[in-house]
1. Those residues that are surrounded by fewer than 16 Cβ atoms within 10 Å (Cβ to Cβ) and hydroxyl-bearing (Ser, Thr, Tyr), I need them from segment 105-149; list them, please.
2. Any idea which of GLU39, GLU72, GLU33, GLU21 is open to solvent by 30 Å² or more (accessible area, probe 1.4 Å), charged (D, E, K, R), within 25 Å of ALA165 (Cβ to Cβ) and within 14 Å of the ligand (Cβ to nearest atom)?
3. Pull up segment 152-180, narrow it to residues that are open to solvent by 70 Å² or more (accessible area, probe 1.4 Å) and not basic (Lys, Arg), then point me to the one that is farthest from the chain's Cα centre (by Cα).
4. Out of all the residues in segment 1-18, which are surrounded by fewer than 22 Cβ atoms within 10 Å (Cβ to Cβ) and in contact with a Leu (Cβ under 8 Å, 6 or more places away or on another chain)?
5. Are any of the residues in segment 78-91 of a type outside the set (S, T, N, Q), within 14 Å of the ligand (Cβ to nearest atom), under 19 Å from ALA159 (Cα atoms) and in a loop (DSSP other than H, G, I, E, B)?
6. Of the conditions (1) away from the ligand (no atom under 12 Å from the Cβ); (2) closer than 23 Å to ALA161 by Cβ, SER46 clears all except one; give me its number.
7. Going by the conditions given, is ALA137 over 20 Å from VAL35 (Cβ atoms), out of contact with any Pro (no Cβ under 9 Å at 6 or more places or on another chain), modelled with pLDDT of 95 or more and assigned by TED's automatic domain parsing to the domain that holds ASN178?
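The values are calculated or read from the model by the stated rules, or taken from the named source; none is laboratory data. Source: prediction; values computed, not measured. Counting neighbours? That spans all protein chains shown, and the Cβs are built from the backbone with ideal geometry, glycine included. When the accessible area is computed, the model is the full protein with side chains, heavy atoms only, and any ligands, DNA or RNA have been set aside. Shrake-Rupley method; radii C 1.70, N 1.55, O 1.52, S 1.80 Å.
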Amino acid sequence: MKIYGDLISPFVRMTIVAAHEVGLAGKVEHVVEAVKPTEVNARLASLSPIGKVPVLETGHGHGIYDSRVIIEYLAHTAGNTNLIPHEPARRFRVLTLQALGQGLADSAVAYRYETAARPRGLQWEDWMARTETRLHATFDELESNWIDLLQDVNAGSIAAAVTLAYIDFRLPDIHWRNGHPRLGRWHEHFSGRDSMKNTSIANR
Ligand SMILES: N[C@@H](CCC(=O)N[C@@H](CS)C(=O)NCC(=O)O)C(=O)O
């Protein structure tokens, strides 16, 4: 199977980290594919009409997307029940934490497009201010309510860890560690995992 996309994309990195965590990294061919929000990528378009990364191409040539479904596919293929647990109470806590990490990534990537890609005269100040509020509310929520579940390696902790690393890399002026000491300590610890070190974007 192949996964398309660049590791700088937090959504792509989440899937590759998940592949490492379920023991499938050796079975996944990572194909670096660049995308721009203003251009159609022909190779991706043949697998996904949405045209965003990541896309997983199965051995039979089928496209699987988006990152959440790819992670579920990888866990299912590996027979792993830790990333997305079956036990209902835990399952929906993990899926909610994953939604929080994914929502953080949605806001961070959109903020990056708005500040780095959109022409200056067309930037929308109110939208940027609202997005910053959303980012900071999510840091507060992770610090206050999710530190316990973040200790496990699951779809939620992977989403949060990868997205915070993306924010460090692309949005260094968003000082998310300020006021969130437990989140900062957890992130440092989680970043020491092989899955994170093998997919590091810090020196790009
Ligand atoms: N919900 C999607 C989001 C993926 C996404 O936003 N990917 C970005 C890169 S970080 C992308 O492909 N952007 C290109 C575009 O917007 O056309 C997922 O979880 O996979």
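1. TYR113, THR115, THR133, SER144
2. The conditions single out GLU72.
3. Within segment 152-180, the subset open to solvent by 70 Å² or more (accessible area, probe 1.4 Å) is 170, 172-173, 175, 177-178.
Okay, now just the ones that are also not basic (Lys, Arg), so 172-173, 175, 178.
On the way: PRO172: 17, ASP173: 20, HIS175: 19, ASN178: 22 Å.
Among residues in segment 152-180 that are open to solvent by 70 Å² or more (accessible area, probe 1.4 Å) and not basic (Lys, Arg), the one farthest from the chain's Cα centre (by Cα) is ASN178.
4. Within segment 1-18, MET1, LYS2 meet the criteria.
5. Here is the first cut: in segment 78-91, the residues of a type outside the set (S, T, N, Q) are 78-79, 83-91.
Then drop every residue that is not within 14 Å of the ligand (Cβ to nearest atom), which leaves none.
Looking for residues that are of a type outside the set (S, T, N, Q), within 14 Å of the ligand (Cβ to nearest atom), under 19 Å from ALA159 (Cα atoms) and in a loop (DSSP other than H, G, I, E, B), one finds none in segment 78-91, hence no.
6. Unmet condition: (2).
7. yes
Yes or no, residue by residue, for (1) in contact with a His (Cβ under 7 Å, 6 or more places away or on another chain); (2) farther than 20 Å from PHE92 by Cα; (3) in a helix (DSSP H, G or I):
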position: TYR113; (1), (2), (3): no, yes, yes
position: ALA116; (1), (2), (3): no, yes, yes
position: TRP127; (1), (2), (3): no, yes, yes
position: LEU135; (1), (2), (3): no, yes, yes
position: ASP140; (1), (2), (3): no, yes, yes
position: ILE158; (1), (2), (3): no, no, yes
position: ILE174; (1), (2), (3): no, yes, no
position: ASN178; (1), (2), (3): no, yes, no
